[in-house]
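Here the structure is laid out as structure tokens; the discussion comes afterwards.
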Amino acid sequence: MKYRYSARTKVGDLQVGFVEAVNRDAAANILISHDLFVLSLESAEASRWFGWILGFFRRVKKIDLMIFTRQFATMLEAKIPLGDSLKSLYAQTKNVALKETIFEISSDIDAGLSLSQSLSRHANIFSEFYINLVQASEVTGRIEEAVGFLADYLDKEISLLGRVRSALIYPVFVIGLFIVVVGVMVGTVFPQLLPIFEESAAELPLITSLLLNSGNFIADWWLAILVILAILITVLVDYFRTEEGRIIQDQLLINTPVVGGLFRKMYVARFAEAVSVLIKGGIPIAQAMEISSHTVGSFVYREALHEVAEAIRGGELLSQALSRDTNYFPPIVSQMVAVGERTGKLDEMFGRVAKFYTREVDATVGNLVELVQPTLMVVIGLGVGLLFAAVLLPIYNLAATF
């Protein structure tokens, strides 16, 4: 049988994957023999769909997670012990799923686990970026700074998502209405007009022929189309959950026009913020690169930062290592890092890089949101024009024959 596991290595890195064994105990023994601390182990075949369904009904909204993180950061900044902070948050949290999660985290910490290890057992609520940034801060002893940054990050993310949703409400409604109109036209109006066109022997425009043929095809094979789409979506979702699929997905996101630039800026901001926190805590630069690679949330950037860390261990300057790959790290990053190396204020420079690219992300998202509505309206206008042309042109040609 195949089992899905999450575990920690000796150095504390989170490792998630699959292991095949005859039973659960054998799978656990295999992981332990590889010097892994097992966090969770469950059957992949039996629990996949059940886990997805259960996760949907037990999901935690981003705003609830943000409020929890903000309150948690405030308590930690007030020097309230970690266990007491979690117990207080448990008492005042309203969301049932999050309340149970806080209780389990508190129990794990009382049992001797670190905060990041406890959070990693709830990967359906806390993202990899969230968990790894907490883990990095545990190394430096600056947990309150990391949790405060996460609260600000979630707050900005909620604000951006709210703006995007507000901008998309009207276009989505119009698109839905347009799809309904097309369905009615293709399924009801065109079939009634088709006999008239056939009797007149009038030549149909290309757009009309395409709509008629596609309508007939969908009407005859709609069940097969639905089954094929369901299978295709399931296969793609499963594939993109694998490491190879995640790498391809990240590459597609980074290389997509317009959107790719947004993701690159976001990843650079995350990387710079994590490195700034680590260097302030006295972590060596090469190790800071390794740790920060797990906070970015991108397999592509993770590999790039691993290469940077190896270059530093080989005696190369950080600015030189970053300047070799301008596709992932823009020239301004290596230039500011070079200034930090000369002045001895590397942590401060990374902080400035993080703030700069955070503002860039905000500005880019704002511009995209402003362009969404007019762009969609133009596309919808063209679609409506083609639809009416498909109906009116053959009628006009038919009238011209009399």
Cα-based Rg then Dmax for the chain, in Å, read 27.3, 90
Region 61-86 and region 220-253 have their Cα centres apart by a whole-number Å value of 38 Å
By the C-alpha gyration tensor axes a ≥ b ≥ c (rounded if a/c is under 1.5, else prolate when a/b exceeds b/c, else oblate), the shape of region 165-275 is prolate
Sequence order, region 320-337: Karplus ³J(HN,Hα) from phi using 6.51 cos²θ - 1.76 cosθ + 1.60, θ = phi - 60°, Hz rounded, Gly and Pro as x, gives 5, 5, 6, 6, 6, 10, 6, 5, 9, 10, x, x, 4, 5, 5, 5, 5, 5
Per region 208-342, sqrt(5λ) over the Cα gyration tensor eigenvalues, sorted largest first, in Å, gives 45, 16, 11
Taking region 296-402, the equivalent ellipsoid from its C-alpha gyration tensor has semi-axes in Å, biggest first, of 55, 17, 10
Yeah, region 124-163 with a ≥ b ≥ c from its alpha-carbon gyration tensor (a/c under 1.5 is rounded, else prolate when a/b outruns b/c, oblate otherwise) is oblate
For Met377, Met185, ascending order of other Cβ atoms within 10 Å (fewest first) is Met377, Met185
Taking a crude spin-label model, label points 7 Å out from Cα along the C-beta direction, the Thr242 to Val372 distance in nm is 3.3 nm
Under the 7 Å Cα-to-Cβ spin-label approximation, Leu206 and Ile395 lie apart by a distance in nanometres of 2.4 nm
Which residues qualify? For Ser40, with a placed amide H closer than 5 Å and at least 5 residues away or on another chain, they are Ser6
At R0 = 30 Å the Cβ-Cβ FRET efficiency linking Glu77 and Ile332, nearest 0.05, sits at 0.40
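Looking at the chain, identify the longest residue range that excludes and avoids all trypsin sites (Lys or Arg not before Pro) in DSSP loops having at most 13 other Cβ atoms within 10 Å.
242-402
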Computed, not fitted: 222 nm per-residue ellipticity of the chain from DSSP H runs ≥ 4 (each -39500 (n - 2.57)), nearest 500, equal to -26000 deg cm²/dmol
Residue by residue through region 371-378, the couplings from Karplus 6.51 cos²θ - 1.76 cosθ + 1.60 with θ = phi - 60°, in Hz, x for Gly and Pro, are 8, 4, 4, x, 5, 5, 5, 5
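Taking the Cβ-Cβ separation of Asp362 and Ile196 as r and a Förster radius of 60 Å, what is the calculated FRET efficiency to the nearest 0.05?
Result of the calculation: an efficiency of 0.60.
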Per its Cα gyration tensor (rounded if a/c is under 1.5, else prolate when a/b beats b/c, else oblate), region 62-126 is best filed as rounded
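Since every read-out is calculated from the coordinates, none of them should be taken as a lab result. Being a predicted model, the structure only gives us computed values, none of them experimental. Heads up, the Cβs are rebuilt from the backbone with ideal geometry, glycines too, and the neighbour counts pull from every protein chain shown.
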